[in-house]
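Novice: Okay, here's the structure, questions in a sec.
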Amino acid sequence: MDISGFALVTGAGSGIGKACAVSFVEEGAAGVALLDINGKALEDVKEKLTSLSQHEEFQCLSFEVDMRNEKDVADAVQNCARTFGRLDYVVNAAGIAFKNIGGAACAETTDWQRVLDVNLNGTFYCLRAAAQQMLRQSYLESVIDGRSLQRGSIVNIASLAGLVGVTQSTAYCASKHAVVGLTKTTALDYAKEGIRVNAVCPGMIKTPLIVPGSEIERATTDFVKTRTPIGRWGTPEEVANVIVFLCGGRSSLMTGASLSVDGGYTTQ
Ligand SMILES: NC(=O)c1ccc[n+]([C@@H]2O[C@H](COP(=O)([O-])OP(=O)(O)OC[C@H]3O[C@@H](n4cnc5c(N)ncnc54)[C@H](O)[C@@H]3O)[C@@H](O)[C@H]2O)c1
């Protein structure tokens, strides 16, 4: 994947974010910073990464932050860049799922606000702080052929619900379409400044986001059976592989893309 620099992952305590953190270590990252609202989960992931790393000077940082808190997110990103000396890869994986039963007519403002605050505003706060740091730093060189790669690479996690409509998903669908838009505009703004920004759009992935017995589990299980050509759930590792590829030097020509990782769902 051509990964040699320092990574920051939000939502790193579980699911896709955790799988990304593991993949960064396996691919040779020099350090990984983990952000999540769940402090206990962070400690567990930190322990796992430290035992996995083959890198002699591997550094792992963790920050218990709520992505809705603009200042705490900016402080964590700056703290991480100061400690590492730079920030090469940022993955915005923190997110929540929510079903608006009855659609927009029945949606509560508090539910709408909460989903937008975490999924969109949290992604923006982290992306903004990361871009400010990346614009100040030098280009990273490929460990494979020495060519100049990028000042920084950011990957936002959207969803198939960021590309197509999904029923009873008023706030979630709006938040993920907005993440795709944020990805495209930021990619254009910094294409010549050496920052790449891409998104992944996962389909149905078996993670703790899909709470057993919940409305979301019922709906997604039905989608897996009836609408997903590949006919099975995806794993967090399958999504992490694409994300780490998008961060690293193997994807050096890619910016502004929103890659579907959904077993063919959005091809139909
Ligand atoms: N699982 C799927 O099927 C699926 C499909 C499409 C998109 N996604 C997206 O992938 C991303 C990761 O989801 P996942 O399935 O790994 O879920 P997950 O629940 O396993 O992990 C999400 C992590 O985000 C953290 N988090 C939630 N709110 C936070 C906040 N306010 N501040 C900081 N951290 C917070 C949680 O503590 C958790 O560790 C989300 O953006 C989700 O919308 C998931």
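The values are calculated or read from the model by the stated rules, or taken from the named source; none is laboratory data. The model shown is predicted, which means the values in this text are computed figures rather than measured ones. Positions of Cβ are generated from backbone atoms using ideal geometry, with glycine treated the same way; all protein chains shown enter the neighbour counts. Side chains are part of the model used for accessible areas, which takes the heavy atoms of the whole protein and leaves out ligands, DNA and RNA. Shrake-Rupley method; radii C 1.70, N 1.55, O 1.52, S 1.80 Å.
Novice: Please determine, by comparing only the residues of the range 47-70 that are within 20 Å of Met134 (Cβ to Cβ) and not hydrophobic (A, V, I, L, M, F, W, C), which one is most open to solvent (accessible area, probe 1.4 Å).
Specialist: Among those that are within 20 Å of Met134 (Cβ to Cβ) and not hydrophobic (A, V, I, L, M, F, W, C), it is Glu70.
Novice: Report yes if Ala131 is assigned to a helix (DSSP H, G or I), surrounded by 15 or more Cβ atoms within 10 Å (Cβ to Cβ) and within 14 Å of the ligand (Cβ to nearest atom), otherwise no.
Specialist: Spelling it out, it is not the case that Ala131 is assigned to a helix (DSSP H, G or I), surrounded by 15 or more Cβ atoms within 10 Å (Cβ to Cβ) and within 14 Å of the ligand (Cβ to nearest atom).
Novice: Within the range 1-78, considering only strands (runs of 3 or more DSSP E) that don't extend past its boundaries, which have at least 2 residues that are β-branched (Val, Ile, Thr) and within 16 Å of the ligand (Cβ to nearest atom)?
Specialist: 6-10
Novice: Another question, then. From (1) open to solvent by 10 Å² or more (accessible area, probe 1.4 Å); (2) touching a residue at least 24 places away in the same chain (Cβ under 8 Å), pick out the condition that doesn't hold for Ala33.
Specialist: (1)
Novice: Taking the residues in the range 201-215 that are open to solvent by 30 Å² or more (accessible area, probe 1.4 Å) and under 21 Å from Val164 (Cα atoms) as candidates, determine which candidate is modelled with the lowest pLDDT.
Specialist: Glu215
Novice: OK, next. When only residues in the range 90-114 that are part of a helix (DSSP H, G or I) and not polar (S, T, N, Q) count, which is nearest to the ligand (Cβ to nearest atom)?
Specialist: Per the stated criteria, the residue is Arg114.
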